Amino acid sequence: MENHLLRIGQEALTNVIKYANASRILVELVYDDTQCLLHIKDDGQGFGVGNLSSLVGFGLLGMSERAERIGAHLAIQSQPGQGTEIIVTVNRERESP
C-alpha cells in the first residue's frame, strides 16, 4: 500500500510541476488505525475532468489503476482556472492481536 500511495503522490506532484502552473501545492498524509488519506491540492490552471482514459498523458489513468490495486478510492476534482484536488482514501483493516 505504501509504495502505491508514494507513486500516486509522485505522479500528482509531477503533474502539478509540468502542467498546472501552480504557485501553491498542499500535500497531506493522514492516517489512523482504520483509514489512510492522501490529499494533494494545487492552485494551478486546472482542467476539465471527464473520461480518465482521455487524460492518459497526465498519468491520471495510472493513478486510478494504482488506487484500484490497493482497494482505495481516488477522487479527482478540477476545473479550468480552479486548480486540482486529488484525494486517495484507503480503508485499513485492523490487525488481530
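The values are calculated or read from the model by the stated rules, or taken from the named source; none is laboratory data. In this text the structure is predicted, and so the values were computed from the model without any measurement. All Cβ positions, glycine included, derive from the backbone under ideal geometry; neighbour counts span all protein chains shown.
Take the conditions modelled with pLDDT of 90 or more, under 11 Å from the mean Cα position of the chain (by Cα) and closer than 18 Å to Ala20 by Cβ and apply them to His73. Does it pass? Judged against the criteria, His73 is not a match. Filtering segment 58-77 to residues that are surrounded by 20 or more Cβ atoms within 10 Å (Cβ to Cβ) and without any contact (Cβ under 8 Å) to a residue 40 or more places away in the chain leaves nothing. For segment 1-47, a tally of residues being among the aromatic types (Phe, Trp, Tyr) and within 19 Å of Ala67 (Cβ to Cβ) returns 2. Note on segment 22-44: residues that are within 24 Å of Gly81 (Cβ to Cβ) and either modelled with pLDDT under 95 or in a strand (DSSP E or B) (or both) total 8.
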